[in-house]
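In what follows, a single structure is set out as C-alpha cells and then discussed.
The values are calculated or read from the model by the stated rules, or taken from the named source; none is laboratory data. What you see is a predicted model, and the numbers here were worked out from it, not measured in a lab. Neighbour counts run over all protein chains shown; Cβ positions are idealised from the backbone, glycine included.
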C-alpha cells in the first residue's frame, strides 16, 4: 500500500522519525518498496498542517528547529486538532507520538481508538495506551482489520518486543528478564566506578539520562511498566501495571556493589516475567546480583538488554539502546516497514 | 494460507522441526492461525512417503527413532525421490534439509530452483544454495511471487539474519561483527580455563561440538561462509564465499590468551563485514582481541553472538545458540511462521 502518514504530536520522537524519513526516503522506496507521503502533522503547541498530496517534511523540520513552531509553513490547511486530523484527513496510518499520561492514557487512548475504528493503522511509542488498554486496543485493531504496533514502548528501537512477538514466535518463551531502564543502569555503573548514589544520580541528571524528579526511574516504576507490556503482549499475561512487586535501586550502597564484585557478581536492576506451571505469569522489578559471566552482567551505562528463555532455543539475548531521539524515531519506522511488509500484496 | 509441507531430507534438522510441530500443533494453530499438514517426506536413505491429505508425523518420528528408517510406515504412496516429491505432490512449501555440499551446492540448488519455478515457497537450513547462489535464487523467488527463507544458515534459530533483514530494516547497517562459530569459541573458552589447544579441541570433539576433521571450524571456513551470507543478504554485498581474508584459531597459544586477559582483552574468532565509503562491503574472519567490557568478549562456550552497527540505533547485539537439533529445527519454524504472517490475507 501507499502510506499517507499523520503525526499526532511532533516532539522529540516525531522529529526523530521525520529526520530519518527525510534522509532515507529514496533508499526506503528502492530497497523496501516503501512509498509514503506525510500528509498531516498535528501538535497542540507547535501547530498543525494538512495537505492531501503531501507536506514538505524537510521544510517543516527546519522550521521547527529554527522557531520551535510549525506556524511559518504556508501550504495546505492549518490548525486542525488531533481528532480532526485523525478523522478528516486522507491519512491511512496514524503515528501516536503525543504526550504520555500513565494515569489515564489520555488523550492517546482516544486517538488510537478513533483511528482504529476508522480502519487506519496505528503505530506508537506512547506507553500510556499500551500500559493501560493494550488488549482492548488490539481487539479493536483486529476487528477493523488494521495493524497496531508499539515497538518503541519498551526498549525504544532495539527490537525487544518484535523479537518476542514475531521472531521467537513458536519458540516457547517461558521467561523474559532484562535491564530495561538505562538511567538506573547508568547510576549503578557509575557507583561501581566509585561514585556514591547521590553523585551518580546528579551526573545522570546532568547528562539528561535522569529527570529532575527521578522517582519513576530509581524506584523501578518505568522498568515495571515495560515488563508489564512485555508480559501482557508477548507472554499472554493480563497484569495491571501497578500489580507486580517493584523495588528500585535506592537501597543499594557503594559497599554492596564492591562486595558483590568481589564475590563474582554485579548488582543490576532486573525486570522479569516468568510463566508459571499453572499458566499464569509473574512479573517483578528488583535489584539482583547477576554472575559476572552472564550476558546481563556486562551491560553497562545506559544500554538496555533483554533475555528470553525459550523451550527450543534456550536463552536469546538482545542488547541495544533503550532511549534517544534517533533510536525511538527508528522504532516507529521499524513498525511501519513491518506493516508495509505484511500488507505488501 | 494452509501449508502443505514437504520435507526434502529427514535428518537431525528435519526431525528437530518435526518434533516441535508434533508438540505444538494445537498451540500454533490457535496462537498464530498457522494451519498445516505434512504431506510428504523424502529422504534418500530413510525412505519416502506422500499422502495428499497429510501423513501421521508423530508415527513417522517414532518409527525413524526406533528403526532409523521410514520404511515400516504404510499409509500413502511410498518411494518418490526428492524431485518427484517437489514436483508431483500437493506440497506448497518445500523444506530443503538434505545434505550440504559447499562445493557444488547440489542437489539442494536444483531442489530449490525446481520448487520456486513451480511457485512453491522454500525454507532451508542448507548453506549450500545460499552460499553459492543466493542472488539468483532470490530473483527466481521474486519472479515467481513466492517466499524463500534461510534463517537457519547463519546462527541456527537465533534470529541474527532476520534481525538484519527485517527488524533492522532502515536502521542503516554499516557493520556486522560477531562470534558465529561455536566450536572455536568453545575451544578458546577452554584454553582460557587452562587447557592447551590440542586438549581443548579433543574435548570439543568428544562433546560433539567439533568434527573428526575440525578444519572447517578451526581454520575459520565455517565462520567465513556465514559472514558472507550475512554480507550478501543483509548488506547488499556480492562476495564469493572464498574471497575474503580468513584466518582461524590454530596459531593462538595459551600464552596469548593469558597475556590478553591481563591487558583487559579476550581473544575471539571474529567474523566481520563492513560497508565502505564507496559502497563496497569488506568481509573477514580473524582472531581479534576484544576489550572485556564489549558484549562479544563475554560470549563463552558454544554460544554465538552478532553485533550490528547501525546509523540510527548504534550497536544492537543478539546472543543465542548457533547450532543444535531443536534450535536449527526452530529456525525452519520461525521462517514458516513469518511466511504465514506476511501471506495471511
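Of note:
- If you go through the range A:5-34 and keep only what is within 14 Å of chain B (Cβ to nearest Cβ), surrounded by fewer than 21 Cβ atoms within 10 Å (Cβ to Cβ) and either in contact with a strand residue (DSSP E or B) (Cβ under 6 Å, 6 or more places away or on another chain) or not in a helix (DSSP H, G or I) (or both), you end up with just A:33.
- Scope the range B:296-325; condition within 7 Å of chain A (Cβ to nearest Cβ), surrounded by fewer than 24 Cβ atoms within 10 Å (Cβ to Cβ) and not in a strand (DSSP E or B); matching residues: B:298, B:300, B:321
- Every residue from the range A:37-55 that is within 20 Å of residue A:23 (Cα to Cα) and buried (at least 20 other Cβ atoms within 10 Å of the Cβ): A:38, A:39, A:40, A:41, A:55
- Residue check, residue A:287 in contact with a strand residue (DSSP E or B) (Cβ under 7 Å, 6 or more places away or on another chain), farther than 21 Å from residue A:239 by Cβ and free of Cβ contacts under 8 Å to residues at least 60 places away in the same chain: no
- Test: residue in the range A:115-131 that is more than 28 Å from residue A:235 (Cβ to Cβ), more than 14 Å from every other protein chain (Cβ to nearest Cβ), modelled with pLDDT of 95 or more and surrounded by 18 or more Cβ atoms within 10 Å (Cβ to Cβ): yes
- Test: residue in the range B:54-62 that is under 23 Å from residue B:156 (Cβ atoms), out of contact with any strand residue (DSSP E or B) (no Cβ under 8 Å at 6 or more places or on another chain) and at pLDDT 95 or above: yes
- Some residue of the range A:242-254 being modelled with pLDDT under 95, part of a helix (DSSP H, G or I), assigned by TED's automatic domain parsing to the domain that holds residue A:193 and surrounded by 13 or more Cβ atoms within 10 Å (Cβ to Cβ): yes
- The condition of being within 14 Å of chain B (Cβ to nearest Cβ), touching a residue at least 24 places away in the same chain (Cβ under 8 Å) and surrounded by fewer than 23 Cβ atoms within 10 Å (Cβ to Cβ) holds for only one of A:157, A:172, A:164, A:193, that being A:172.
- Breaking point among (1) surrounded by fewer than 24 Cβ atoms within 10 Å (Cβ to Cβ); (2) within 30 Å of residue B:313 (Cα to Cα); (3) within 13 Å of chain A (Cβ to nearest Cβ), for residue B:151: (1)
- Residue within the range A:205-227 that is part of a helix (DSSP H, G or I) and farther than 19 Å from residue A:323 by Cα present: no
- Condition check for residue A:334: within 16 Å of the chain's Cα centre (by Cα) and more than 11 Å from every other protein chain (Cβ to nearest Cβ): no
- Test: residue in the range A:281-293 that is surrounded by fewer than 22 Cβ atoms within 10 Å (Cβ to Cβ) and at the interface with chain B (Cβ under 10 Å from one of its Cβ atoms): yes
- Set A:227, A:179, A:187: member being outside the structural domain of residue A:125 (by TED's automatic domain parsing), free of Cβ contacts under 8 Å to residues at least 60 places away in the same chain and surrounded by 24 or more Cβ atoms within 10 Å (Cβ to Cβ): A:227
- Scan the range B:25-41 for residues that are at negative phi, touching a residue at least 60 places away in the same chain (Cβ under 8 Å) and more than 24 Å from the chain's Cα centre (by Cα) and the total you get is 0.
- Within the range A:144-182, the residues that satisfy the criterion of being farther than 24 Å from residue A:290 by Cβ, more than 10 Å from the chain's Cα centre (by Cα) and assigned to a loop (DSSP other than H, G, I, E, B) are A:144, A:145, A:146, A:147, A:169, A:170.
- Tally of residues being modelled with pLDDT of 95 or more, part of a loop (DSSP other than H, G, I, E, B), closer than 20 Å to residue B:45 by Cβ and in contact with a strand residue (DSSP E or B) (Cβ under 7 Å, 6 or more places away or on another chain) across the range B:90-114: 1
- Residue check: residue A:254 meets all listed conditions (1) in contact with a strand residue (DSSP E or B) (Cβ under 7 Å, 6 or more places away or on another chain); (2) under 12 Å from residue A:188 (Cβ atoms) but one, namely (1).
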